[in-house]
Amino acid sequence: MLPTLPLTRRRFLQTATACAIAPTLHAQAPAWTPLGELAAKRGIPFGFALNYKQTTSDAAYQSLVAREATMAVCENAMKWEGLHSHQDAYDFTQADAIVAFALAHQIRMRGHCFVWHRATPPWVERITDKAVATKVLEDHITTVASRYRGKMHSWDVVNEAIYMKDNTPGNYRDVFWYRTLGTSFMDVAFHAAHAADPKAILAYNDWGLEYDNAADPKKRVAVLNMLTDLRKRGVPVGALGIQSHLRVASGEHVGPGLTEFCKAVKGLGLQIFVTELDVDDARLPAGTTLAARDAAVADMYKRYLDVITPHASIVITWGVKDVQRTVGAEEATAWQPKAQRPLLFDPEGQPTPAAYAVAEVFRSQ
Ligand code: XIL
């Protein structure tokens with residue numbers, strides 16, 4: 001006989017949520033309204049990071065994206081190493097194809113990203129002269145932002161520049177641009193982007209801001225200080241992108257600190273973008289059933305979006321259909337267990353319980 005577990009309030013709510021959102025428990029899947037349509041009723045663009053190969057060669061992926069998304073971003077195609085891995089040559093093939101696909105389907109594009117330590121090619125990192133590095137940064141941003149001028153809703157101008165563990169003044173990540181230009185790389189990047197595409201909203205984008213855990217509240221303070229300083233000095237930053245790589249079974253919770261943080265960011269006159277949402281389920285025990293995995297992932301999507309959607313101007317997930325992959329933290333490496341169900345659509349393109357949970361949030365806000 002199965003042991004009878006005491007029905008705590010928490011367990012009751014978890015079960016109730018899973019039942020309410022799991023389509024497999026219905027004789028027929030409940031009627032589906034595209035997420036982009038539901039979010040639009042709340043005035044929020046919704047969409048995905050798009051992969052070049054699938055965007056240009058996978059018809060099922062294309063029709064799913066066209067049906068669900070009102071906004072998209074290139075997963076990798078607009079990063080420096082993707083566009084400009086050699087000093088004298090740009091290759092816009094992939095970025096142009098994704099932009100053309102999006103615009104043909106009335107999907108607005110956002111750009112990602114100009115400055116990122118993980119996408120800076122070796123030819124750039126070999127520069128030692130400050131003036132040369134400044135010119136190279138300005139030229140890259142001017143070239144790319146000008147090409148897509150008027151087509152971009154927003155740009156992630158600087159990505160992941162704050163890193164508490166590096167212990168620098170201001171908590172800047174101790175990498176090439178900071179080492180070479182000091183904090184002026186921020187000014188140079190935002191001013192160049194604004195000059196080239198004055199209508200695009202310019203964002204600072206980062207991770208590690210989502211949870212009321214041990215680390216994130218400290219990083220929130222550092223990011224707020226940095227943004228306050230930029231605003232004070234008239235640097236044209238218009239939004240904070242909160243990547244939103246979430247996790248389940250990590251003992252971390254969404255809490256009131258996130259609301260306080262969002263209010264403080266908005267108090268600086270900045271918008272909040274949810275830029276890279278996904279849920280890493282790799283920490284669940286290996287034998288966890290698919291239904292339990294889906295319920296846990298859906299619950300995290302719902303808890304997070306319930307809190308942040310009232311403050312967010314856009315919501316983007318980091319991918320479209322589930323594939324087994326490493327997601328989230330920087331430190332994740334290939335040997336770690338992979339996430340199974342981080343996104344909103346399964347490998348066949350069907351909405352998962354997480355997608356129904358997101359739909360419920362968009363309907364209720
Ligand atoms: C990731 C892509 O998904 C991978 O394909 C690529 O190999 C590395 O970059 N934070 C970001 C994104 O801002 O650009 C990263 O995307 C995921 C973490």
Practice task
Would you mind stating whether residue 249 is part of a loop (DSSP other than H, G, I, E, B) and within 16 Å of the ligand (Cβ to nearest atom)?
Solution key: no
Problem - Unique residue being part of a loop (DSSP other than H, G, I, E, B) and in contact with a Lys or Arg (Cβ under 6 Å, 6 or more places away or on another chain) when the list is 285, 347, 342, 337 - result: 347
Practice task
Give region 278-327 a look and list any residue that's of a type in the set (Ser, Thr, Tyr), in contact with a helix residue (DSSP H, G or I) (Cβ under 9 Å, 6 or more places away or on another chain) and farther than 18 Å from residue 360 by Cα, or say none.
Solution key: 288
Practice task
Could you list all residues from region 274-291 that are modelled with pLDDT of 95 or more, exposed (fewer than 15 other Cβ atoms within 10 Å of the Cβ) and of a type in the set (A, V, I, L, M)?
Solution key: 290, 291
Handout entry: Selection from region 104-140 of residues that are more than 16 Å from the ligand (Cβ to nearest atom), under 21 Å from the mean Cα position of the chain (by Cα) and among the hydrophobic types (A, V, I, L, M, F, W, C)
Key = 107
Exercise for the section: Residue by residue through region 42-91, note down the ones that are in a strand (DSSP E or B), surrounded by fewer than 16 Cβ atoms within 10 Å (Cβ to Cβ) and aliphatic (A, V, I, L, M). Expected result: 89
Practice task
Check region 261-272 and report whether any residue there is touching a His at 6+ places or on another chain (Cβ under 7 Å) and either of a type in the set (A, V, I, L, M) or within 16 Å of the ligand (Cβ to nearest atom) (or both).
Solution key: yes
Exercise for the section: Please determine, by comparing only the residues of region 177-205 that are outside any helix (DSSP H, G or I) and touching a helix residue (DSSP H, G or I) at 6+ places or on another chain (Cβ under 6 Å), which one is farthest from the ligand (Cβ to nearest atom). Expected result: 197
Exercise for the section: Look through 67, 149 and report the one residue that is away from the ligand (no atom under 16 Å from the Cβ), touching a Pro at 6+ places or on another chain (Cβ under 8 Å), among the basic types (Lys, Arg) and in contact (Cβ under 8 Å) with a residue 12 or more places away in the chain. Expected result: 67
Practice task
State whether the residues of region 221-237 include one that is away from the ligand (no atom under 16 Å from the Cβ), within 19 Å of the chain's Cα centre (by Cα), surrounded by fewer than 20 Cβ atoms within 10 Å (Cβ to Cβ) and among the hydroxyl-bearing types (Ser, Thr, Tyr).
Solution key: no
Exercise for the section: Scan (1) more than 20 Å from residue 270 (Cβ to Cβ); (2) crowded, with 19+ Cβ neighbours inside 10 Å for the single condition residue 156 breaks and write down its number. Expected result: (1)
Problem - Cross-chain or 6+ apart pairs with Cβ under 7 Å, region 343-358 first and free of Cβ contacts under 8 Å to residues at least 40 places away in the same chain, then of a type in the set (Lys, Arg) and surrounded by fewer than 24 Cβ atoms within 10 Å (Cβ to Cβ) - result: 346/321; 347/321
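The values are calculated or read from the model by the stated rules, or taken from the named source; none is laboratory data. No experiment lies behind these values; they were computed from the predicted model shown. Cβ sites come from the backbone with ideal geometry, for glycine too, and all protein chains shown count toward neighbours.
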